[in-house]
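The values are calculated or read from the model by the stated rules, or taken from the named source; none is laboratory data. On a predicted model such as this, the values are computed, not experimentally measured, just so you know. Positions of Cβ are generated from backbone atoms using ideal geometry, with glycine treated the same way; all protein chains shown enter the neighbour counts. Note: areas computed on protein heavy atoms with side chains; ligands, DNA, RNA excluded. Shrake-Rupley method; radii C 1.70, N 1.55, O 1.52, S 1.80 Å.
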Amino acid sequence: MTTSQDAPTVGHLIGHELTDTGAYAEVRDPGRLDDVVARVAVGTPEDVDAAVRLAHQAFGSWRRVPADERAQLLLKAADILIGSAGELAPLLVREHGGMLWEAQTDFGLGTGVLQHTAGLVGGFFEPVRYDDETSFISVERVPRGVVAAIVPWNMPVVLTMMKLAPALVTGNTLVLKPSPFAPAALTLALHRIARILPEGVLNVVHGNADVGEALVSHPLVRKVGFTGGTETARHVMRSAAGTIKNLTLELGGNDPAVVLDDADTEATLDRMLKGVFTRSGQICFAVKRIYVPRSRYEAFADAFCARVEGYAVGHGLDEDASFGPLNNKAQFDKVNDLVESTRTSGAKVLRLGRKLASAENGYYIQPHVVREAAHDSLISCCEQFGPVVPLIAYDDEDQVVAWANDSDHGLGSSVWTSDIERGLALARRIEAGSTFVNTHSFDSLDLRMPFGGVKQSGTGREFGEAGMKEYVEEHSIRALK
Ligand code: NAD
């Protein structure tokens, strides 16, 4: 057991140093509730103001650093990040409740985003020019200024890098607010990265909704990169409205997986299950509802449940565990309530798998499968963000496309088939930011594919050049001859 003496104390990162005054809150391990993992500063609007003003001051000279030098610094940051994973991934596990491999993947993906983005600056700032008899026109990309980045707890490293990399490489400066449910490992890594950058380019202020609101509404913040829940995003939009600033919003999803009648069941399950239960289902683009042809429903559901029966829930540092606890009490209560109300509605709710000894004192929920779920039931319509998934029978392709699109969300989605052409044709009919054929999990992402949502899953895109464009303005200059 970790004693509270072992827990690091983590301040705000303002400039190159972590602060050591003010109030602190304990971060507890969601998989061993008696363990205090870290003590992390709780910010105030004054801390936000200090960080934003420093970032604003740093912006003046950072924007003039040549882009390829900024890209070189991103590559150095990537080395620091991956070099920190061995030490910090176990701490991240004890904050956010994931498996060790999931935390290591978070560091690895974050490193990949830094490296990939650094490789995109060549030509990005090349102005578009028109020169004719009457005028000279130059359309130039310029950074926006201070960026506020706000991230959740589920994959904090890569979600931060998806904002930090495009923001910094295009010449903006950054103030990040991590989630209070996974702030420590991320901040310790960022402290190391901040020290290779000019002072004030990268800053972190910890805290709750009030700190997020102070950051978003600060008049010197010109851009907000937010990842989190759709309800929170409504507050973020309202806070940003007072000073009219640009927003990229990466929000919740209710991703459909559509199994076609020609899909091989075992091959489908080999890949699909990773997308359902990894991180205990707490991934924005996890598979959240599964549509199966009625003619194959019983056989598919039997095979699905047989696989899920093999899962063991335990602490993230327990090598025998398939996946860990939910991250926090609110999420734990929400998923338990959802399971209970689905059960009392008369649906066939199966609790499968088992709990290991390490799953004694935390927010553990065994995997659940809802068989014979109705398309319009609560479990099919909401973002459960937990290890419970409905299997829904459908009759024909038009019906399943209509059902897949019958959602306020549109983040990820997938089609499963033995005929790629048929899969691609169906994929084009789905309303989502991303649609995958025969894959739907971490390894479905490719940094060349812009990532984001449609409808209430968000606005804007991350990754690659599309992601970088979110962090620049087009400055149009015309001289009359
Ligand atoms: P959340 O919305 O509760 O919190 C996200 C962040 O916003 C946290 O840092 C939180 O402190 C902050 N916040 C809360 N209230 C705020 C306010 N009024 N103003 C400004 N900031 C505020 O989300 P969560 O529970 O941490 O994460 C789970 C949600 O995130 C799920 O809905 C999930 O789908 C979504 N998510 C989306 C993506 C994506 O890329 N689309 C990725 C991961 C998670």
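List of remarks:
- Pairs of Cα atoms nearer than 8 Å and 6+ residues apart set the relative contact order; for the range 255-446 it is 30 percent.
- Distant-in-sequence amide contacts of Lys355, defined by a placed amide H-H separation under 5 Å and a gap of 5 or more residues or a different chain, comprise Val313.
- Whole-number D in µm²/s for the chain (Stokes-Einstein; Kirkwood sum over Cα pairs; 37 °C, 0.692 mPa s): 141 µm²/s
- Accessible area (Å², per residue) of the range 255-446, counting only protein heavy atoms and a probe of 1.4 Å: 39 Å²
- Separation between Cα centres of the range 111-138 and the range 1-55, rounded to whole Å: 39 Å
- For a label point 7 Å along the Cα-to-beta-carbon line of Phe136, residues of the range 458-481 with backbone N under 19 Å: 475-481
- For the range 115-153, the residues whose backbone nitrogen is under 12 Å from a point 7 Å from the Cα of Ala330, taken along Cα to Cβ, are 153.
- Extension gain, Arg234 to Glu431, is 68.8 nm, computed as 0.36 nm per intervening residue step minus the present C-alpha separation.
- Phi angles of the range 52-59 translate, via the Karplus equation with coefficients 6.51, -1.76, 1.60 and θ = phi - 60°, into HN-Hα couplings of 5, 5, 5, 5, 5, 5, 5, 4 Hz per residue; Gly and Pro are given as x.
- Modelled spin-label separation between Thr21 and Glu298, with each label point placed 7 Å from Cα along the Cα-to-Cβ direction: 7.2 nm.
- The range 311-378 - charge dipole about Cα centre, Lys and Arg +1 at Cβ, Asp and Glu -1, debye rounded to 20: 200 debye
- Entries of Lys177/Lys274; Lys76/Lys177; Lys76/Lys223; Lys245/Lys455; Lys76/Lys329; Lys245/Lys329 with Cα pairs more than 31 Å apart: Lys76/Lys329; Lys245/Lys329
- Inverting the pair-averaged 1/r between distinct Cα atoms of the range 255-446 gives 16.6 Å as its Kirkwood hydrodynamic radius.
- At an R0 of 30 angstrom, the distance between the Cβ atoms of Leu75 and Glu199 translates into a FRET efficiency of 0.90.
- Solvent-accessible surface of the range 1-84, averaged per residue with a 1.4 angstrom probe and all protein chains in place: 50 square angstrom.
- Net charge contributed by nearby residues that have their C-beta within less than 15 Å of Ser358 (K/R +1, D/E -1): -3
- Element breakdown for the chain at a 1.4 angstrom probe: carbon and sulfur atoms account for 52% of the accessible area.
- FRET efficiency estimate (nearest 0.05) - Cβ-Cβ, Phe124 to Gln399, R0 45 angstrom: 0.50
- With a simple spin-label model that places each label point 7 Å from the Cα along the Cα-to-Cβ direction, the separation between Asp6 and Ala466 comes to 4.3 nm.
- Spin-label model, Asp337 to Thr265: label points 7 Å out along the Cα-to-beta-carbon direction sit 3.7 nm apart.
- Label-reachable residues, the range 399-424, where backbone N falls under 14 Å from a point 7 Å from Glu372's Cα toward its Cβ: none
- Rounded to whole numbers, the Karplus 3J(HN,Hα) couplings from phi for the range 267-273 are 5, 4, 5, 3, 9, 5, 4 Hz, using 6.51 cos²θ - 1.76 cosθ + 1.60 with θ = phi - 60°, and x at Gly and Pro.
- Scanning residues 5 or more positions from Val42 or on other chains, those with amide H under 5 Å from its amide H are Ala23, Tyr24, Ala25, with H placed 1.01 Å from N in the peptide plane.
- About the Cα centre, charge dipole magnitude for the chain (Lys/Arg +1, Asp/Glu -1 at Cβ), debye: 940 debye
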